[in-house]
1. Which residues, taken from segment B:22-36, are surrounded by fewer than 19 Cβ atoms within 10 Å (Cβ to Cβ) and within 14 Å of DNA strand C (Cβ to nearest atom)?
2. Quick one: which residue in B:E57, B:E52 is more than 8 Å from DNA strand C (Cβ to nearest atom) and surrounded by 15 or more Cβ atoms within 10 Å (Cβ to Cβ)?
3. Looking for something away from DNA strand D (no atom under 12 Å from the Cβ), of a type in the set (G, A, S) and more than 7 Å from chain A (Cβ to nearest Cβ) - is there at least one such residue anywhere in segment B:17-24?
4. Counting only residues that are more than 11 Å from DNA strand C (Cβ to nearest atom) and in contact with a Leu (Cβ under 6 Å, 6 or more places away or on another chain), how many does segment A:62-89 have?
5. Please enumerate the residues belonging to segment A:68-115 that are open to solvent by less than 40 Å² (accessible area, probe 1.4 Å) and charged (D, E, K, R).
6. Restrict the check to segment A:29-49 and report whether at least one residue is more than 7 Å from chain B (Cβ to nearest Cβ) and of a type in the set (G, A, S).
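The values are calculated or read from the model by the stated rules, or taken from the named source; none is laboratory data. Computed from a predicted structure; not experimentally measured. Neighbour counts run over all protein chains shown; Cβ positions are idealised from the backbone, glycine included. When the accessible area is computed, the model is the full protein with side chains, heavy atoms only, and any ligands, DNA or RNA have been set aside. Shrake-Rupley method; radii C 1.70, N 1.55, O 1.52, S 1.80 Å.
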Protein chains: 2
Amino acid sequence: MQEKCERVDSKQTADLLQNIPDSDTITKMAAVFQALQSDTRLKILFLLRQKEMCVCELEQALDVTQSAVSHSLRTLRQLDLVRVRREGKFTIYYIADEHVRTLIEMCLEHVEEKA
Amino acid sequence: MQEKCERVDSKQTADLLQNIPDSDTITKMAAVFQALQSDTRLKILFLLRQKEMCVCELEQALDVTQSAVSHSLRTLRQLDLVRVRREGKFTIYYIADEHVRTLIEMCLEHVEEKA
DNA sequence: TAAATACATGAACAACTGTTCATTTGTTCA
DNA sequence: TGAACAAATGAACAGTTGTTCATGTATTTA
């Protein structure tokens with residue numbers, strides 16, 4: 001590794017790099033944030049935060065097609081941000097765990113602070 | 001609002017909708033998550049979490065062009081996820097506040113839990 | 001003041017995302 | 001069993017993003 005500017009200390013940089021999560025973990029994190037980056041999916045999470053809901057309920061609340069809701073839920077489900085339970089002909093979705101709640105709350109606080 | 005399925009209670013739905021952040025706030029949150037959704041920007045934050053750094057240092061650590069680092073930092077800066085300080089010819093970047101640290105830590109815990 | 005260094009910015013292009021449409025799968029109940 | 005309802009999925013298209021290239025601006029120092 002060659003120095004780029006006088007502030008760079010290659011040894012220290014290598015050290016700092018060792019203390020960041022591995023590429024695989026970073027990519028998984030990016031996928032989680034990517035899932036949280038859509039208005040529709042955020043609204044879904046804010047709704048589910050209050051009450052578990054079936055796809056129909058979300059569809060009606062959000063004013064997008066059933067297909068769009070379903071696709072969004074799939075993304076959230078695959079990353080374990082929401083979970084599913086079958087109840088007769090309904091598929092009930094709910095927030096997966098406290099991490100997810102904290103994530104959206106931190107972000108909310110962050111943006112509200114600026115307003 | 002017309003009922004879509006027997007589980008839907010329009011009144012309650014309207015109520016739940018009132019308790020989610022307004023569209024403007026949702027969009028700002030989406031922008032924040034959007035900024036956190038790139039591998040490069042996440043790596044930048046994990047580096048800055050350990051030590052404030054100038055652009056050169058980040059460029060060397062990340063193995064992408066100076067331009068890419070600069071563009072990434074701009075995105076993070078505009079959302080107040082990182083802040084800047086001028087020091088002579090160097091521009092020093094650092095994590096904006098605790099919300100940002102908590103955000104990436106929650107996400108890290110979430111993805112590490114599954115591994 | 002001129003050259004070098006540090007950083008920012010605009011354009012452009014490939015890659016990716018979110019939505020809708022059309023269709024399929026699974027469940028209930030008459 | 002078959003009609004109706006709930007949900008998932010694949011394709012396709014417009015819109016968006018991240019990167020590099022080329023260039024511009026600001027600061028330092030010789």
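1. Those that are surrounded by fewer than 19 Cβ atoms within 10 Å (Cβ to Cβ) and within 14 Å of DNA strand C (Cβ to nearest atom): B:S23, B:T27, B:A31, B:Q34.
2. Values: B:E57 fails: more than 8 Å from DNA strand C (Cβ to nearest atom).
None of the others qualify; the one that does is B:E52.
3. Step one: of segment B:17-24, the residues away from DNA strand D (no atom under 12 Å from the Cβ) are B:17-24.
Of the ones still in play, those that are also of a type in the set (G, A, S) are B:23.
Subsequent filtering for residues that are more than 7 Å from chain A (Cβ to nearest Cβ) retains B:23.
Yes, the conditions are met somewhere in segment B:17-24.
4. Step one: of segment A:62-89, the residues more than 11 Å from DNA strand C (Cβ to nearest atom) are A:77-85.
Filter again for in contact with a Leu (Cβ under 6 Å, 6 or more places away or on another chain), leaving A:82.
Matching residues across segment A:62-89 total 1.
5. A:D80, A:D97
6. Kept after step one, since they are more than 7 Å from chain B (Cβ to nearest Cβ), are these residues of segment A:29-49: A:31, A:35, A:40-41, A:44-45, A:48-49.
Add one more test, that the residue is of a type in the set (G, A, S), and what stays is A:31, A:35.
Yes, segment A:29-49 contains at least one residue that is more than 7 Å from chain B (Cβ to nearest Cβ) and of a type in the set (G, A, S).
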